[in-house]
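Visitor: Can you read through this structure? Questions will come right after.
The numbers here are math on the coordinates, done by the rules we state, and not lab data. Since this is a predicted model, take the numbers as computed values, not measurements. Cβ sites come from the backbone with ideal geometry, for glycine too, and all protein chains shown count toward neighbours.
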């Protein structure tokens, strides 16, 4: 094939698959396996995003993973990601120290569009690290608190040491947010609730008829939580869920994130529950 | 083809076409025989085409045979579509270097040789059309594909001898090339002289054909007679009657969506080896992964995009495990994507009926039979 070397001339690949470089400027260990990093663009160009979107984050020489934004949409040009150390790439990210360069592509995907919940109640339901992608939306509501009715954060996690953003949850309570926390397994010193986060829906104070509900957590939790919200009277179109799939490109080309006809990276990750309710019941989809 | 008069090439005329394409800067890639299989390679001469070669294809079986005639296109697709030429199995995205605490990232450059694909079957033409949709006409297109595609000239050929696993008629994708080519050949049946009807399908094709006619010496290039066009039509019509398989596509999308829990998926999983052969030979499968390859010190790295398959456990890996641990769910994903969700995503089926997934399945799994089994429960 190379013999007739009639080349049309070489052209650079357009930026879609090539990461921009960001410097790690701040790192905080949140729990035993979860940490939060702040990134600054090396080229000085700030990266805008909407709450709910994600980036493809690269550890040099190791690989790339989709990670959602966990910081406010306006953080003075800094991007914030909260990451759980579970695989090769996230482990490399966990070991990265301040000053190091990371690759970043994005932002990708759909957002929560929490402003759609103005003049009504907003219910956030988070499972585990699912609190991280919801955080930018919570912060957006808090920055315009008076424009929303009752604001509820329901948060379930594995055990008390896994509680994410614990201090912040207390602060939110002081800012007119009803925060209910539950754990799967308590510890001897734990005096809070034990049980499923979906079970908190019945006891939270909100008016289902005027509620926008945003749900983010493991798929099984999402499924039961969304069903419980609908059961309580929230319209399925007013429940938004966050889906998670393997992603290698972020732009709908690699095929990995397919959820039947959906490309989760471009059609999601945030989708109306009404759109995916049937799919959530199918095993191994 | 009816409204186009067409041109007839004798064997020396076909050689002149290859010469002309090469003179115009295209490397001509066509079918050749290697290791008992029809594969694509760069050709310079009609003598490199598989003369007098036929094939026998069935579930898990492929054999070449001697036809006992001189035909150059008397077989169907081998294991390769044209996918790997436009969408290579391994493609560099970028490379990088670590210098102290700094990192330099260098985007890859596209290697886009000017290729003339010679002898493209209608099923494969449709597959290329599908890839145009999937890879080029997107919000974020694959720039390397777009560049290569623009550098490609296509010489299609009417299928005269469909194989035992062919079902392009069911998918509406063949056997006669209807669009998406620059030139289309039909090898005319046994006559005293070996003849090909050629019709243009693009301005570029028209231009090439004109130059070919102008330059022709002797009687290697002739105006097509009414009888030639009738004979060419007969080739396509006869081929359409000899499909080895068929697939009922009526309401197929809804049928598969409604049967996500059908026991047939477990049945096929008991035979499927999850070897990924079907996805590798499929001319429309487009899933890729990325591999970061670095040196031992970790100071240089390169990110390669590589073909991937939804049949691997790793494909759907999410922290802690695979979303599709069972082969049953992976076959369902593949078949449902190909035949159903593809329609929602891209407006057409993802299957062109080329039959390669059946021929090259070591367990002879037949997607048409699996779908029929699911449908039989519905009726």
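Visitor: Sort A:159, A:97, B:95 by Cβ crowding within 10 Å, fewest neighbours at the top.
Guide: A:97, A:159, B:95
Visitor: Relative contact order of segment B:112-157, please, whole-number percent, based on alpha carbon pairs below 8 angstrom and at least 6 residues apart.
Guide: That works out to 68 percent.
Visitor: Then there is this: With just the Cα atoms defining each centre, how far is segment B:77-115 from segment A:210-252? Give it in Å.
Guide: Segment B:77-115 and segment A:210-252 have Cα centres spaced 37 Å from each other.
Visitor: Compute the helix-to-body angle for A:131-143: its Cα long axis versus the longest principal axis of chain A, expressed 0 to 90° and rounded to tens.
Guide: The answer is roughly 70 degrees.
Visitor: Tell me the volume per residue, in Å³, of the convex hull enclosing the alpha carbons of chain A. Let's see the in-between values first.
Guide: Working: hull volume 45.2 nm³, N = 285.
In chain A, the Cα convex hull volume per residue is 159 Å³.
Visitor: Sequence gap at least 6, Cα distance under 8 Å: using those rules, report the relative contact order of segment A:16-108 to the nearest whole percent.
Guide: The normalised contact order for segment A:16-108 reaches 39 percent.
Visitor: Quote the relative contact order of chain A in percent (integer), defining contacts as alpha-carbon pairs under 8 Å separated by 6+ residues. It would help to have the intermediate numbers written out before the result.
Guide: Values: 602 pairs, mean separation 47.2, N = 285.
Rounded, it is 17 percent for chain A.
Visitor: With axes computed from alpha carbons, what is the tilt in degrees of helix B:122-131 against the longest principal axis of chain B, rounded to the nearest 10 within 0 to 90?
Guide: That works out to roughly 40 degrees.
Visitor: Going by Cα centres, segment A:138-153 and segment B:258-324 are how many Å apart?
Guide: Value for the Cα centre distance between the two parts: 42 Å.
Visitor: Now, a different point. Under the 0.36 nm per residue contour assumption, what length would be gained going from the current alpha-carbon distance of residue B:226 and residue B:138 to full extension?
Guide: Going from the current span to full extension adds 27.4 nm.
Visitor: First check a/c for the protein assembly as shown, with a ≥ b ≥ c the square roots of the eigenvalues of its C-alpha gyration tensor; if it is under 1.5, answer rounded, and if not, answer prolate when a/b is larger than b/c or oblate otherwise.
Guide: Because a/c hits 1.5 or more and a/b exceeds b/c, the protein assembly as shown counts as prolate.
Visitor: Roughly what would the spin-label model give for residue A:142 and residue B:306, points 7 Å off Cα along C-beta, in nm?
Guide: 4.5
Visitor: A follow-up question, please. Classify segment A:100-186 as rounded, prolate or oblate from the Cα gyration tensor: take a ≥ b ≥ c as the square roots of its eigenvalues, call it rounded if a/c is under 1.5, otherwise prolate when a/b beats b/c and oblate if not.
Guide: Verdict is oblate for segment A:100-186.
Visitor: Can you give the average number of partner chain beta-carbon atoms within 10 Å of each beta-carbon in peptide A:52-62, as a whole number?
Guide: 4
Visitor: Further question on the same structure: In the P(r) worked out for segment B:21-130, what percent of Cα pairs fall beyond 23 Å?
Guide: Percentage above 23 Å: 44.
Visitor: Helix A:219-232 versus the longest principal axis of chain A: what angle, 0 to 90°, nearest 10, using Cα atoms?
Guide: Its long axis makes an angle of about 40 degrees.
Visitor: Now a separate question. For chain B, what is the mean residue ellipticity at 222 nm derived from helices alone (per DSSP H run of n ≥ 4: -39500 (n - 2.57); sum divided by total residues; nearest 500 deg cm²/dmol)?
Guide: The helix contribution divided over chain B gives -8500 deg cm²/dmol.
Visitor: Cut-off is 10 Å between beta-carbons; in what order do A:254, A:249 appear when sorted fewest neighbours first?
Guide: Least crowded to most crowded, the residues run A:254, A:249.
Visitor: I want to check the label-to-label distance for residue B:203 and residue B:101. Put each point 7 Å from Cα in the C-beta direction and report it in nm to one decimal.
Guide: Result: 5.7 nm between the two label points.
Visitor: Moving to a separate point now. In what sequence do B:226, A:223 fall when counting other Cβ within 10 Å, fewest first?
Guide: Placing the least packed residue first, the sequence is B:226, A:223.
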